[in-house]
Amino acid sequence: MKGEKFLHMRIVLLVVFSIFFVEITVSQDPRPISGMIKDAITGDPLSYAQISVNNSTLGTVSNEEGVFRLKMPDSRFPDAGDSDTLLISFLGYQTEKIPVSSSESGTLQIFLIPVSLNLREVEIISLSPQEVLRRAFDSIPVNYGTDTIILTAFIRTQKMVNKKLAEYTEAIVEDMKDGYYPFKPGETDKKHRVSNIPYLYKGRVTSDTNLVNLLGEVGASARCLGCNFVGDIAEFPYETVLDERDQKHYILKMEELANPEGGKIYRILFDQNEKTAKTLFQGEILINSRDFAILKITYKPSFKAFDTYEKQKYNRLWYLNNQPGWVQEMPLGETTVTYAKRGDSWALSTIRQQYWVTYIQPQTRQRINYGYKNEVVITDFTRDPALIRAFKGDKTIGVNQRWDEVVGETDEVFWENFNYLPIEETLKKELNKLDN
């Protein structure tokens with residue numbers, strides 16, 4: 001299967017994995033580009049700023065310290081023209097255009113100029129938040145495309161047990177979605193079955209076996225690899241704030257912000273109301289006024305759902321530390337999903353999750369604190385019919401498996417030459433502790 005896969009590997013994988021292809025000529029060697037993105041006023045690093053190559057689908061984001069790394073072949077770009085340009089963008093800042101040639105002098109220092117995103121004082125909002133959400137929902141097929149798409153993604157996962165790093169995983173994955181087409185609420189499970197089919201290209205894991213085993217069924221599973229992509233609310237909008245059926249359970253507030261790229265951004269704050277018996281979320285969603293594309297959504301469990309959660313938490317007991325009957329307290333944390341314009345199309349850009357969960361053994365009063373951080377960065381995508389026909393993913397990868405069973409032996413040479421999301425200094429220190 002891998003031999004056939006290599007024959008059909010698209011440009012981004014040639015970029016990342018060219019050290020494995022002996023036929024690539026010198027002119028196609030990857031061009032490493034690295035840099036740090038900062039606020040031009042404060043000098044603070046900008047985490048998760050968008051870096052994309054103009055007129056292409058290639059891109060990445062900066063890490064928590066504002067650092068990014070990107071590789072691209074010389075042959076991808078002409079000698080002249082705007083396509084040989086990096087676009088650096090971050091909401092609330094002016095987009096910066098950087099010639100690729102400027103990276104030849106070493107690590108780029110990029111400063112973005114902040115712009116005002118304050119509520120417009122003189123403009124009357126003509127649409128209700130419900131109408132904006134409805135238009136965003138209806139515009140999903142046009143903005144993101146109804147045909148099948150293959151995403152290339154970099155995934156990083158960290159598991160923490162009692163404030164200690166228990167497991168660290170990185171993977172390069174291809175994920176096939178079957179498109180952003182309209183479907184009925186009752187067909188969500190059916191769409192889940194036919195979409196987000198992953199192919200694992202490369203992975204590595206570092207683990208403290210004792211700490212992971214302490215988590216029992218919580219820590220043992222690698223989590224199905226395709227599950228990393230189901231947080232894409234543009235593909236699965238039902239049972240989110242975009243779902244018109246659930247909007248009666250939410251308190252919605254909206255303001256119009258100035259968009260640095262022109263036009264406006266609708267910022268909708270949401271929280272579940274006091275009367276609903278559901279366990280819903282609170283957060284914000286940003287929607288572009290020109291085409292009603294979703295720019296960003298951040299959400300976390302609503303504290304107004306606490307009483308309902310307390311009544312339901314004993315319905316599902318967990319097996320941890322070789323003991324049954326553990327109770328999961330209400331999770332704390334948040335999920336952020338972003339979208340970006342890559343070439344002429346909107347596409348999923350990142351999914352970030354960070355949560356903390358406390359498990360309690362009612363009889364012994366033991367406590368286990370579990371935290372996880374999950375980062376998905378889309379580095380490229382394609383709708384090429386030939387690549388889609390040749391795709392050979394596996395929906396079961398990661399189901400009821402540990403990560404070391406999924407990825408096998410670590411290929412250190414590969415990881416020394418590649419990292420779309422550079423490791424932060426604090427994480428390096430924790431990894432050193434784990435290795436020692």
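The values are calculated or read from the model by the stated rules, or taken from the named source; none is laboratory data. These numbers were taken from a predicted model, which means no experiment stands behind them. Because the Cβ atoms are built from the backbone with ideal geometry, glycine has one as well, and the counts that use them run over all protein chains shown.
Here are the numbers:
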{"read-out": "Segment 329-340: number of residues that are of a type outside the set (S, T, N, Q) and in contact (Cβ under 8 Å) with a residue 40 or more places away in the chain", "value": "4"}
{"read-out": "Candidate set from segment 237-256 (those that are over 25 Å from the mean Cα position of the chain (by Cα) and acidic (Asp, Glu)); member that is surrounded by the fewest Cβ atoms within 10 Å (Cβ to Cβ)", "value": "GLU255"}
{"read-out": "Number of positions in segment 222-248 that are within 18 Å of ASP178 (Cα to Cα) and in a loop (DSSP other than H, G, I, E, B)", "value": "10"}
{"read-out": "Yes/no for ASN400 being closer than 26 Å to GLY59 by Cα and at pLDDT below 85", "value": "no"}
{"read-out": "Test: residue in segment 333-341 that is exposed (fewer than 15 other Cβ atoms within 10 Å of the Cβ) and at pLDDT 95 or above", "value": "yes"}
{"read-out": "Extreme residue, modelled with the lowest pLDDT, among residues of segment 81-114 that are touching a helix residue (DSSP H, G or I) at 6+ places or on another chain (Cβ under 8 Å) and not hydrophobic (A, V, I, L, M, F, W, C)", "value": "ASP84"}
{"read-out": "Filter result for the condition that a residue is in a helix (DSSP H, G or I), of a type outside the set (Lys, Arg) and exposed (fewer than 15 other Cβ atoms within 10 Å of the Cβ), over VAL218, VAL142", "value": "VAL142"}
{"read-out": "Test: residue in segment 223-236 that is surrounded by 15 or more Cβ atoms within 10 Å (Cβ to Cβ), farther than 28 Å from PRO129 by Cα and of a type in the set (A, V, I, L, M)", "value": "yes"}
{"read-out": "Of all residues in segment 400-427 being farther than 21 Å from LYS159 by Cβ and not acidic (Asp, Glu), the one that is surrounded by the fewest Cβ atoms within 10 Å (Cβ to Cβ)", "value": "VAL413"}
{"read-out": "Flag if GLU412 is closer than 24 Å to LYS71 by Cα and of a type in the set (D, E, K, R)", "value": "yes"}
{"read-out": "Residue, nearest to the chain's Cα centre (by Cα), within segment 307-352, restricted to residues that are at positive phi and not in a strand (DSSP E or B)", "value": "GLY343"}
{"read-out": "Odd one out for TYR355 among (1) closer than 30 Å to TRP326 by Cβ; (2) within 23 Å of the chain's Cα centre (by Cα); (3) touching a residue at least 12 places away in the same chain (Cβ under 8 Å); (4) in a helix (DSSP H, G or I)", "value": "(4)"}
{"read-out": "Test set (1) part of a loop (DSSP other than H, G, I, E, B); (2) surrounded by 14 or more Cβ atoms within 10 Å (Cβ to Cβ) - THR379 fails condition number", "value": "(1)"}
{"read-out": "Exclusive hit being among the aromatic types (Phe, Trp, Tyr) and either in the same structural domain as SER62 (by TED's automatic domain parsing) or modelled with pLDDT under 90 (or both), set TRP356, TRP415, TRP346", "value": "TRP415"}
{"read-out": "Test for ILE287: is it within 19 Å of the chain's Cα centre (by Cα), closer than 19 Å to ARG134 by Cβ and of a type outside the set (Lys, Arg)", "value": "yes"}
{"read-out": "Test set (1) in contact with a strand residue (DSSP E or B) (Cβ under 7 Å, 6 or more places away or on another chain); (2) under 30 Å from ASN432 (Cα atoms) - ALA222 fails condition number", "value": "(1)"}
{"read-out": "Per-region count, segment 217-269, residues among the small types (Gly, Ala, Ser), closer than 30 Å to ASN322 by Cα and modelled with pLDDT of 90 or more", "value": "1"}
{"read-out": "Complete set of residues in segment 290-306 that are of a type in the set (Phe, Trp, Tyr) and within 23 Å of the chain's Cα centre (by Cα)", "value": "PHE292, TYR299"}
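Yes or no, residue by residue, for (1) under 26 Å from GLY59 (Cβ atoms); (2) touching a Ser or Thr at 6+ places or on another chain (Cβ under 9 Å); (3) charged (D, E, K, R):
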| residue | (1), (2), (3) |
| --- | --- |
| GLU329 | no, yes, yes |
| THR338 | yes, yes, no |
| THR350 | yes, yes, no |
| TYR355 | no, yes, no |
| ILE360 | no, no, no |
| THR364 | no, no, no |
| ILE368 | no, yes, no |
| TYR372 | yes, yes, no |
